[in-house]
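Taking it in order: structure first as structure tokens, then the write-up.
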Amino acid sequence: MTARGANARFYVALGLLGGLYVVLIAAMIFADLFFTTPDDLWSRLNSPEIRYAIKLSLVSCLVTAVLSLWVAVPLGYLFSRTRFWGRPIVETIVDIPIVLPPLVIGLSLLILFQTAPGRRIEETTASRAGFLLTYLVTPTLIAIASVPLLRQFVPRGHGLLYAPAVALASALVLRFSGLGAEIEAPLQARFGTRITFQIPSVIIAQFAVSCAFAVRTMRVTFDQISPRAEQVALTLGCTRSQAFWTIALPEAWRGLVSAGTIAWARALGEFGPILIFAGATRMRTEVLSTTVFLELSVGQLEGAIAVSLLMMIVAVVVLVLMRTLGVRGGPA
Amino acid sequence: MIQIENLSIEQGAFRLHEVSLVVPTGKYGVLMGKTGCGKTSLLEAMAGLRPVVSGKVTLGGCDVTELTPAERGIGYVPQDAALFRTMTVYNHLAFALNLRGIARAAVRLRVAELADWLMITHLLNRRPVGLSGGEAQRVALGRALSFKPAYLLLDEPLSSIDEDTRGSLVELLNGLRKSAEVTVLHVTHNSAEADRLADVRFRLDDGRVVAEG
């Protein structure tokens, strides 16, 4: 037998073994596709309940992805670049949501918000959301937005140090100009809510699981970027923070996109923690994954299939996006 | 003058014990030694990138042992060039100048001057991906010299490039040596390179530095 023939037989054998799985997935998708018609699919997706679930899913997944990146970038960088006491313990804690059954995470969140601190947080978000958004979140956003401008005028490396002063000044201006009082009431009316079994609980449940995957992705990303370039930047005059912002973070952009996409996709597919912690109330805490459950529970198989197909399309779009960007959890 | 006095470094099983050397101002020092003997660690400690257990690093009579890498004002070229993958060559050469808040026109002038000297003017708009080893080392050298440091540390800058390119880079470094504007410590294990460039030679052997003249 020729070497070429032996190689071909080997690869065909591998293809047959692995191909069974590919066939299974493809068969599942086609079975769903042929179960419904385009007209039926459209009419099901146009129902007010499912449209609400689509809207809430898109918003909550986006917020979850942003929050996950907010945590994953610093934590991934710390895990990758530093050796501190207790690091294995912290890493294990961060990995817990990856291995825990999703229902347990939902249950644990529910228990957490039954404790005294949890109840206090709920009371605060219900009665003081407008105040917090006006005098804490708004000044913080103003301070973050002003950092590039600050860098032009303050001494080198001190731009970030001035940000808290800008935040404080903004809060004082809001408070004493009367502008704060004007925006506080509508913000309270719009966002003042308890957490459990309300929209915030959907986001927290999604975040609790998705963030762990984002942290892992960012850690791998920073592991694959040599710290040498940052060290050179330090010798050129950078502070550690400048080296991070100008060298490490731009080099990690593909990993950043990957971590955000993974967090978004994980959030979209999350079901167990949402069911326990947020409930599955129609037109309130219903997201796409809970819609499948709710439609099935009332015998609406067509509705469940329609939402399933929609989620499959979204999954394919996410995968294509990730592959187009050449992202496999690695750096640029 | 670059002066190291009784410098000790420890990292895991690796240990460099009470190393001392002096490179006089404006001279070109070459440090040789076997692979893994600690040459790179010594340069990193001098640049402030590696903690020292004991000893002193003095630059121009000033003790910089406790200073940050930025405060030492040393130009550093690592073995792998370590270029910034998202930046153009122009931005590499302008990086340290922009950090120092130098006016844009002056930055452009300095970058043009460096690029001309290093013969990389045609690469200014390129990113590091696709640059040859020699081109990458020229960019790394330009980046390290851009802010006109008084001291330059070179970690085997010619080790991974072909013979022809090495010849032209040695000529560049020789020009730097003759100018005597910067005090250099160049790490290599290539004797021919050392013969061509060294004003002072050292050998790192069994954790000790021996001056060779």
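Dipole check for the range B:74-139: with +1 at the C-beta of Lys and Arg, -1 at the C-beta of Asp and Glu, and the Cα centre as origin, the magnitude is about 240 Debye. Per-residue 3J(HN,Hα) values for the range B:22-33, derived from phi via the Karplus relation 6.51 cos²θ - 1.76 cosθ + 1.60 with θ = phi - 60°, read 9, 10, x, 3, x, 9, 10, x, 10, 10, 10, x Hz in sequence order (x marks Gly and Pro). 3J(HN,Hα) along the range A:11-28: 5, 5, 4, 4, x, 5, 5, x, x, 4, 5, 4, 4, 4, 5, 4, 5, 4 Hz, from the Karplus curve 6.51 cos²θ - 1.76 cosθ + 1.60 with θ = phi - 60°, whole Hz, x for Gly and Pro. Between A:I183 and A:V90, the simple label model (points 7 Å from Cα in the Cβ direction) yields a spacing of 3.3 nm. Report the trypsin sites (Lys or Arg not before Pro) located in the range A:111-146 that are in a DSSP loop and have at most 16 other Cβ atoms inside 10 Å of their Cβ, or state none. Of the trypsin sites (Lys or Arg not before Pro), the ones in loops of the range A:111-146 whose Cβ has at most 16 other Cβ atoms within 10 Å are A:R128. Between B:K148 and B:L109, the simple label model (points 7 Å from Cα in the Cβ direction) yields a spacing of 1.0 nm. Shape analysis of the protein assembly as shown places it in the prolate category; the axes a ≥ b ≥ c from the Cα gyration tensor give an a/c of at least 1.5, with a/b above b/c.
Taking 0.36 nm per residue of separation and subtracting the Cα-Cα distance, full extension of the segment from A:R190 to A:S241 would add 14.7 nm. In sequence order, the range B:109-119 has phi-based couplings of 5, 5, 5, 4, 5, 5, 4, 5, 5, 8, 6 Hz under the Karplus curve 6.51 cos²θ - 1.76 cosθ + 1.60, θ = phi - 60°, and Gly or Pro positions carry x. Taking 2.2 N^0.38 Å as the expected size of a compact globular protein, what ratio does the Cα radius of gyration of the range B:19-127 give against it, to two decimals? Rg over 2.2 N^0.38 Å, computed on Cα atoms: 1.27. Per residue of chain A, the DSSP helices (runs of n ≥ 4 H) give a summed -39500 (n - 2.57) that works out to -25500 deg cm²/dmol at 222 nm. Charge dipole (Cα centre; +1 on Lys/Arg Cβ, -1 on Asp/Glu Cβ; no other charges) of the range A:120-194 amounts to roughly 200 debye. A cut-off of 5 Å between modelled amide H atoms, ignoring neighbours fewer than 5 places along the same chain, links B:V64 with B:V57, B:T58, B:L59.
Read the figures in this text as sums done on the coordinates, not as results from a lab. Source: prediction; values computed, not measured. Positions of Cβ are generated from backbone atoms using ideal geometry, with glycine treated the same way; all protein chains shown enter the neighbour counts.
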